[in-house]
Every structure is written in structure tokens, then in C-alpha cells.
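Q: Would you mind keeping the following structure in view while I ask a few things?
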Amino acid sequence: MKPLLPITFALLLSLAGVASAQTADALLLKHCSACHNPEESQGQVDLVTLLKQTPLVRNTSAWRIVMDRIDGGEMPPDGEPQPSNEERQELLNLLTRAIDQFDYSQIDNPGYEPARRLSNIEYDNTVSDLFGLTLRPSSKFPTDLSGKSGFDNSANTLFLQPQLFERFVHAADEISNEVLSESNSHLHNKLHINLRDGARVTPASFLETFLSRAFRRPVTENEKAKYRELFIAVYSQTNDRRLAYKRLIDTVLISPQFLFKTESLSAKQESYRIGQFELANRLSYFLWASMPDEELFELAKQKKLFDQAVLNEQVQRMLNSPKADTLGSVFGGQWLGFQHLGTRIRMDPIDNPWCTESLMSAMRQETAMLLSHTIRHNKPATELLLADYTFLNEELAQHYRIPNILGDHLRRVELTSPHRGGLLGQGSLHAVTSFPGRTSPIVRGNWVLTTILGTPPPPPPPGAAEFEPAVERRRDLSTAEKLALHRDNPRCASCHDQIDPLGVALENFDFFGRYQTRSRGKPIDAKAQLPDGTSFEGPAGLKLAIVEAYHEEFIRQLSSRLLSYGLGRQLEYFDEPAIRKIYRDLETDDFRLHTLINSIINSYPFQHKRLPQASIDEAREEPGLNRNN
């Protein structure tokens, strides 16, 4: 028998603020710690470590798995000493108080977003807006990774590796050559670039406008002097005005001030409000995935951006801009996963000549356009699920077997089928939740729970397969019948009761989003039932069931994902008060999407920050970083 580990659960008692008839230490030590410790964390659950990470809401998802296993009687496993029903209930009550009834009023932490590199998408958009050209240099860059937040603008993944810096150097060279081309005289006038013989050697006007826009904040006199000296030095050596401008632009484009989104530091122990230009940058990279425009810069310079009326007006203006389509293509693509269609997910074009690049592009655009349309037109959030229209061109309409749509451009099309509209009717999402050539109700059901509702099921037990081999071989059974047999196993039932109904209802869509009523010669049974007893059938029934049974989960998930994207970091337990405030704001306005956007922008973490202790110490040691704009 393994020795008892030296852990105490009294800490959990104190955090919950309750007394216990029996010590919970003894319960966990007796029944759990032998298998769930740092040396032997079966099921990837290490209770010893979890207990040390306080408050316990820091790891809510892990504790919910523990609670689910205890409540379902799955843990401790058969053959091990079992707690009494009273002990089991006492432990569940204690965890419920510590997780669900945690007092967030004692938490004052808006989080911290460290300096981070522009993502590839942000880099392309920023250089395009900086110079007024359409540029896509990141096509030659390594692919950005998504962090724990699920978004590639997350600070914990945007590092600057040597290989990537070399790409930035090459990109700067190509960009400056394009900008300084003789055919760009209009652009030269806009940027105050003077290449004419006899022009003044010192490019004062260029430096004044270009540097502040490139750095996305007011430049210091020292910075202007540094770049002025560089220009003069190159011109003195070469007598080539164009080369001097080129060296200036190249140097700016590989400088940390351009490549990184930085914010001023403060040595304060408490939280503090960000500056005017920092707000301008947070707004523009949230709504546009690009740098602020002249109007935002000017308002920040006048210190007007925190004026509520001004801020509301700017948000509305920005949402009306075509640049806000990034909320559909970038945020939506990364949240829902359809960005991978055509790259990681595609069919062999030799065996499947119908799966063209243009079809996959149209499928991605269809989903992005639904998101952009509902946001721009301030629709209720549930229209993302219940829309009775979509966006099609001729090729995509033919793929869906929808007649009378001609031409290559995507346009809004009213639908007659109740199954096709909304996110759950989008071919791009059916493709990314299928295996090559076949559907998977388990994958789709898990995707709905995790991505759409934000309620991921516990991880499967070790060695779990989609179906037992004997069940998989049964060609006489439909997918729904195989899943029913799978759920007969108590080891699998607790999770699959949640997963399977959501996936079964989507079986009418094949592995690339085409609607079907038969599979392998048999009628598709898309009838399903939620754990609460709600019965429904097919995609149309599923959409209504989600809106009725999981409305709050869907709204909280959409709010959380959008807040995480806007902040550029993974959400933490201390962001829960902001999520609750956003939800209350939405309740007062029929859950409309402009209210969601405005509530995020006005939220505590979006307008404030607090440095970790290590960064506070660093700021105190480097007064130059303690700049207040």
C-alpha cells in the first residue's frame, strides 16, 4: 500500500468558508491521492498539485472533471475502497462552494498583456495601412501558432525567433523597394518623401509623420534625432537620396517599436488605466487587426478617447468600416476553426476534382460573412445559430444543391430549408469536424460542446476508441445505433450522453457539408435527446434546442472568446467578473452584438492592466520604461 501523501485539504475548507463533519483531507488521502499525485497522475489528474494552486477557481475545468467523476460514481474505481454516500456528497458540496460560490469581489486584477510581436495577419494589415498599399509579405513567414487562448494574437506565442527576424529583414527590403518605386509619386507626397534633386537633405516632415504612425504613438525627440542622423549619414556616404530613405524605412520596419505592440509600464502595485494611445491600439487591433487610423491618433493626441460619447462614436465608426470584417475572417476563423479548411483540411484533388481551391475559399468566406454581417448589423447573438439566410456564389450553391445562383461573387441568399442556416449549417464547419471521407458524430458533438458552448466534456479514459471493435464491425447498425451501444458501457455513458445527441443531429450533413437523408443505403436517423430529456431531430431541431436549453452557455462562450481575442491573452479566473458584467449588459439589450462589442471595450480588463510583481520590479529598475502617455 502506498504511503499517504503529505497533503492537506483543510486549505480547501478555509477557501470555501465552511466547516466539515469529517476532514476532507482524510477522504482524498484515503480514496484519491494514491492514484492522483505528481508521480502517478492517472487520467491526467494530479490532485496534490491542484490543491496547491489557489484559489481553486484557477483550475475550474479540472475540478469540474473531479466533481463529475465523483458524482457519477466513477471514482474511486471499482475494486478500491469507496466513500460512503454522505462522504461523497460532503466532498461535492465543498467543491461546489469553492468553485461555484467563490467570492470574486475580493479579486482586483485586470490582467497583464506583455509586449508582443505583431501576428502575421496584423503585420500584413499594418504595413498595408502604414503605406497605403496592399501588401502580404507574411506569405513567406512561418505560420503563427495559437496559444492556450486559441488565437494567434496571444502574447504567450508571439516570440521573435532568429529565422523569423531574417524574414522581417527581407520583407522590409521588399516593402521599401515597392514604396520608393518611381510610379508611387502620389504615395511619396502622402509620406512627405522628396526624391527630387535639390531637395533638403533632412527629411523632417517624413520623420514627423512616418515615425509616429509606424510606432503607433508619439515619438520622442531622441528617436527623431536618431533616425535623422541615420538618414544624413547614409546620404553623406552615398549622395543617394533614395537609398537614404530606403535605409530609414528598412530600419524602422525591423525595429522593436514597429514589430511589437508595447504599452507603457508603471511601478504601481495596484491596477491602473492604460493610456490614450494604448487604448487606440487596443481598439484598432481588436476591431481591425491593424494599426489605428488618423482619426484615432488625433483623438488620442487630444486625450478624448476615454470620453464615453467619443468612444461609442468611434466604435460604431470602426464597426462600419470594411476593415472590421476581420472579426469574421480572423476572429471567427480561429474561434471556429474554419481557417484550416484548404490547408490542414482538404480532399485529394485528383480523386475529388470537385474540391477546388475556389470552393474551399467560398466555404470559408460564407462563415466569415455570416459573422461579419451579424456583427455589423447589430443582430442578436442567437442569429448566428438561427439565421434563415447564408452567403453563396454559384459554385458553393451547386455544392449545396441550391439552384438559381449564378456568378462567382458571394451574396446573401434567403434559404427555404430550416437545416442550412446559421453556423451549424455551414459546410466549412462540417468539413473541419469530420474525418477524411466520413463524418464523426463524436467529433462534431465534442466540437459543439467545446467550441460553441464552452462546456468541454472530460477527457476520454485511456485507450478509449470511437467505437469498440465489435461494434465498429457491425455494418447492419446505423451510426446512432452504434453510439447507443457505446453508451451502454457505464465507463463511457456519462460523457457520451452529452456528446452524442449533438453529433447525431448533424449526421444529415456529410463530411463536406452536403445535406443527405441516406448513408450507405440506409435512412439517416437524426433523432436525439439531451440529458435533460429534450427531444429534437436534425440540424434544425438542434439549433432550437441549443437556443432554448443552452442559451446562457452559448452567450458566455461567445463573450469569453471575443474578450480573449480582444485582450490578446488567455482568460484567467480573475476575468470572471468581466464576463458576468458583459452578460448582464447583453441581457438589457436582447443580446445584441454591438452591446457585446461595446461591453468588452468598456470592460475593466480592456481598459486597465496590472503588472506581475516581477514586471513591477523591472519597471522600478528602469525609469525609462515608466513612460505615461
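Q: Just to verify a result, which residue in the range 580-596, among those that are among the hydrophobic types (A, V, I, L, M, F, W, C) and touching a strand residue (DSSP E or B) at 6+ places or on another chain (Cβ under 9 Å), is nearest to VAL315 (Cα to Cα)?
A: The residue in question is LEU593.
Q: Scanning for something closer than 18 Å to ARG420 by Cα and either modelled with pLDDT of 60 or more or surrounded by 12 or more Cβ atoms within 10 Å (Cβ to Cβ) (or both), does the range 468-483 turn up at least one residue?
A: There is no residue in the range 468-483 that is closer than 18 Å to ARG420 by Cα and either modelled with pLDDT of 60 or more or surrounded by 12 or more Cβ atoms within 10 Å (Cβ to Cβ) (or both).
Q: Can you say whether GLY72 is in contact with a helix residue (DSSP H, G or I) (Cβ under 7 Å, 6 or more places away or on another chain), surrounded by fewer than 16 Cβ atoms within 10 Å (Cβ to Cβ) and among the small types (Gly, Ala, Ser), as far as the supplied structure shows?
A: yes
Q: Between residues in the range 77-88 that are under 16 Å from MET67 (Cβ atoms) and residues that are outside any loop (DSSP other than H, G, I, E, B) and modelled with pLDDT of 70 or more, which pairs lie under 9 Å by C-beta distance while being six or more apart or on different chains?
A: Within 9 Å, the pairs are PRO83/ILE70; PRO83/GLU90; PRO83/LEU91; ARG88/ILE70; ARG88/ASP71.
Q: Which condition does GLY513 not pass, out of (1) surrounded by 15 or more Cβ atoms within 10 Å (Cβ to Cβ); (2) within 19 Å of LEU453 (Cα to Cα), if it passes all the others?
A: Unmet for GLY513, out of (1) surrounded by 15 or more Cβ atoms within 10 Å (Cβ to Cβ); (2) within 19 Å of LEU453 (Cα to Cα): (2).
Q: Report every pair of residues separated by at least 6 positions or lying on different chains whose Cβ atoms are under 7 Å apart, first residue within the range 519-531 and of a type in the set (Val, Ile, Thr), second assigned to a strand (DSSP E or B).
A: So the pair list comes out as ILE524/ARG518.
Q: In the list THR390, THR416, THR433, which residue meets the criterion of being over 18 Å from MET369 (Cα atoms) and surrounded by 21 or more Cβ atoms within 10 Å (Cβ to Cβ)?
A: Going through THR390, THR416, THR433 in turn, the sole match is THR433.
Q: Working carefully through the options SER284, SER264, find the one that is of a type in the set (Gly, Ala, Ser), under 14 Å from ARG216 (Cβ atoms) and part of a loop (DSSP other than H, G, I, E, B).
A: Within the list SER284, SER264, the selection yields SER264.
Q: OK, next. Is it true that some residue in the range 224-236 is within 30 Å of ASP307 (Cβ to Cβ), surrounded by 15 or more Cβ atoms within 10 Å (Cβ to Cβ) and touching a Leu at 6+ places or on another chain (Cβ under 9 Å)?
A: The answer is yes; a qualifying residue exists.
Q: Cβ-Cβ under 8 Å, sequence separation 6+ or interchain: first residue in the range 172-201 and farther than 13 Å from PHE131 by Cβ, partner of a type in the set (S, T, N, Q) and part of a loop (DSSP other than H, G, I, E, B). Which pairs?
A: As it stands, the answer is ARG200/ASN194, since those pairs meet every condition given.
Yes or no, residue by residue, for (1) farther than 20 Å from MET363 by Cα; (2) at pLDDT below 95:
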position	(1), (2)
TYR389	no, no
PRO403	no, no
HIS409	no, no
PRO436	no, yes
PRO459	yes, yes
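Q: Evaluate the range 297-311: report whether one residue or more is touching a Ser or Thr at 6+ places or on another chain (Cβ under 7 Å) and either closer than 23 Å to LEU207 by Cβ or at pLDDT 95 or above (or both).
A: No, the range 297-311 contains no residue that is touching a Ser or Thr at 6+ places or on another chain (Cβ under 7 Å) and either closer than 23 Å to LEU207 by Cβ or at pLDDT 95 or above (or both).
Q: Here is a further query. So, in the range 510-534, of the ones that are of a type in the set (Gly, Ala, Ser) and at pLDDT below 95, which residue ends up farthest from the chain's Cα centre (by Cα)?
A: Filtering first and then ranking leaves GLY521.
Q: A further question follows. Look at SER205 and say whether it is in a helix (DSSP H, G or I), out of contact with any strand residue (DSSP E or B) (no Cβ under 8 Å at 6 or more places or on another chain) and over 24 Å from TYR285 (Cα atoms).
A: It is true that SER205 is in a helix (DSSP H, G or I), out of contact with any strand residue (DSSP E or B) (no Cβ under 8 Å at 6 or more places or on another chain) and over 24 Å from TYR285 (Cα atoms).
Q: Moving to a separate point now. What tally of residues in the range 208-245 results from selecting those that are in a helix (DSSP H, G or I) and within 39 Å of the chain's Cα centre (by Cα)?
A: 15
Q: Turning to a different aspect of this structure: Of everything in the range 374-415 that's within 27 Å of the chain's Cα centre (by Cα) and of a type in the set (Phe, Trp, Tyr), which residue is farthest from PRO322 (Cα to Cα)?
A: Once the filter is applied, the top-ranked residue is TYR389.
Q: Test GLU618 against the stated conditions and say whether it is surrounded by fewer than 19 Cβ atoms within 10 Å (Cβ to Cβ), acidic (Asp, Glu) and modelled with pLDDT of 95 or more.
A: So GLU618 fails the test.
Q: Mind listing just one residue for me: the one in the range 105-144 that is at pLDDT 90 or above and of a type in the set (Phe, Trp, Tyr) and, of those, surrounded by the most Cβ atoms within 10 Å (Cβ to Cβ)?
A: Out of the qualifying residues, it is TYR123.
Q: Given (1) at pLDDT 95 or above; (2) under 15 Å from ARG217 (Cα atoms), where does LEU319 come up short, assuming only one miss?
A: (2)
Q: On the given criteria, is ARG364 part of a helix (DSSP H, G or I), touching a strand residue (DSSP E or B) at 6+ places or on another chain (Cβ under 9 Å) and not hydrophobic (A, V, I, L, M, F, W, C)?
A: yes
Q: Given the residues LEU283, LEU287, LEU279, LEU253, which is the only one that is modelled with pLDDT of 95 or more, within 20 Å of SER181 (Cβ to Cβ), crowded, with 21+ Cβ neighbours inside 10 Å and among the hydrophobic types (A, V, I, L, M, F, W, C)?
A: When all the criteria are applied, what remains is LEU253.
Q: Does ASN378 meet the test of being among the polar types (S, T, N, Q) and free of Cβ contacts under 8 Å to residues at least 12 places away in the same chain?
A: In short, no.
Q: Picking from PRO436, PRO456, PRO441, PRO418, which residue would you name as being within 27 Å of ARG592 (Cα to Cα), over 19 Å from the mean Cα position of the chain (by Cα) and touching a residue at least 40 places away in the same chain (Cβ under 8 Å)?
A: When all the criteria are applied, what remains is PRO418.
Q: Taking LEU299 and the conditions (1) assigned to a helix (DSSP H, G or I); (2) in contact with a Phe, Trp or Tyr (Cβ under 9 Å, 6 or more places away or on another chain); (3) not β-branched (Val, Ile, Thr), which numbered condition does it fall short on, given that it satisfies the others?
A: It is condition (2) that LEU299 fails.
Q: Take ASP78 and decide whether it is under 27 Å from the mean Cα position of the chain (by Cα), part of a loop (DSSP other than H, G, I, E, B), acidic (Asp, Glu) and surrounded by fewer than 18 Cβ atoms within 10 Å (Cβ to Cβ).
A: Taking the combined requirement at face value, the residue does not satisfy it.
The values are calculated or read from the model by the stated rules, or taken from the named source; none is laboratory data. Treat the numbers as computed from the prediction; the structure is a model and nothing was measured. For neighbour counting, all protein chains shown are included, and Cβ atoms are generated from backbone atoms with ideal geometry for every residue, glycine included.
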